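Below you'll find the structure, written out as structure tokens, and then a few comments.
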Amino acid sequence: MPWIDVTKSERLASGQIVTVDREDGDIVVWRTTAGKVVACDARCPHQWSHLGTAGAVDGEELVCLSHFWRFDQEGTGSKLSAAGRRDEKSSIRTFAVREQAGRIEISIPD
Ligand code: FES
């Protein structure tokens, strides 16, 4: 699988999200508060909100602001109840990411 160049590392600060426009489905690339870069499908599996515009990084997770489903770095979905209970939700597909020579790249399976 070839690596696809996304952006300069310095253009994705902690808490930021960038969208990779693709004909067969957008991908969002985001950086956690701790600095890890994650890539996942851009469409929330709940009601299809685009996480490039309706998403926000919250610590080590990406949150869909439409109905507050959350996705961890492996794409596992959940939602926090008002009491703090974490309920399982649908997961989102993730992709391999690497940072090298000041660039962020992702790999998408065929
Ligand atoms: S559309 Fe994302 S949580 Fe509902």
Over the C-alpha atoms of the chain, what are the Rg and the largest Cα-to-Cα span, Dmax, in Å?
13.5, 44
Lone cysteines, the chain (no partner Cβ under 4.7 Å)
C40
Using the heavy atoms of the protein chains and a 1.4 angstrom probe, tell me the accessible area per residue for segment 1-52 in square angstrom.
55 Å²
Can you tell me how much longer the chain between D110 and S91 gets when fully stretched, taken as 0.36 nm per residue apart minus their C-alpha distance, in nm with one decimal?
4.8 nm
Would you look at the GNM of the chain, springs on alpha carbons closer than 10 Å, and say which of G77, G52, G35 moves the most?
G35
Treating cross-link reach as a plain straight distance, find the lysines whose alpha-carbon is under 18 Å from the alpha-carbon of K8, omitting any fewer than eight places away in the same chain.
K36
Distance in nm between A83 and D58 label points, each 7 Å along Cα→Cβ, equals 1.8 nm
Carbon + sulfur, % of accessible area of the chain - ligands and nucleic acids excluded, 1.4 Å:
46 percent
Reach of K79 by Cα under 19 Å, taken over lysines that are not fewer than 8 positions away in the same chain:
K89
Largest first, what is the accessible-area ranking of E99, E105, E88, E23 with a 1.4 Å probe?
E23, E88, E99, E105
The size of the Cβ-based charge dipole (Lys, Arg +1; Asp, Glu -1) of the chain about the Cα centre, to the nearest 20 debye, is 320 debye
State the extension gain, in nm to one decimal, for the chain segment bounded by T76 and H50, taking 0.36 nm per residue of separation less the distance between their alpha-carbons.
7.6 nm
Please identify which residues in segment 50-93 have an amide N closer than 12 Å to a label point set 7 Å out from the Cα of T7, following the Cα→Cβ vector.
52-53
Ignoring ligands, DNA and RNA, how do W30, W3, W69, W48 rank by accessible area with a 1.4 Å probe, largest first?
W48, W3, W69, W30
For E61, the net charge from surrounding residues (Cβ-Cβ under 10 Å; K, R +1; D, E -1) works out to -2
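The values are calculated or read from the model by the stated rules, or taken from the named source; none is laboratory data. Everything numeric in this text was worked out from a predicted model, so none of it was measured. Neighbour counts are summed over all protein chains in view; Cβ atoms, including those assigned to glycine, are modelled from backbone coordinates with ideal geometry. For accessibility, only protein heavy atoms count, side chains too; no ligands or nucleic acids. Shrake-Rupley method; radii C 1.70, N 1.55, O 1.52, S 1.80 Å.
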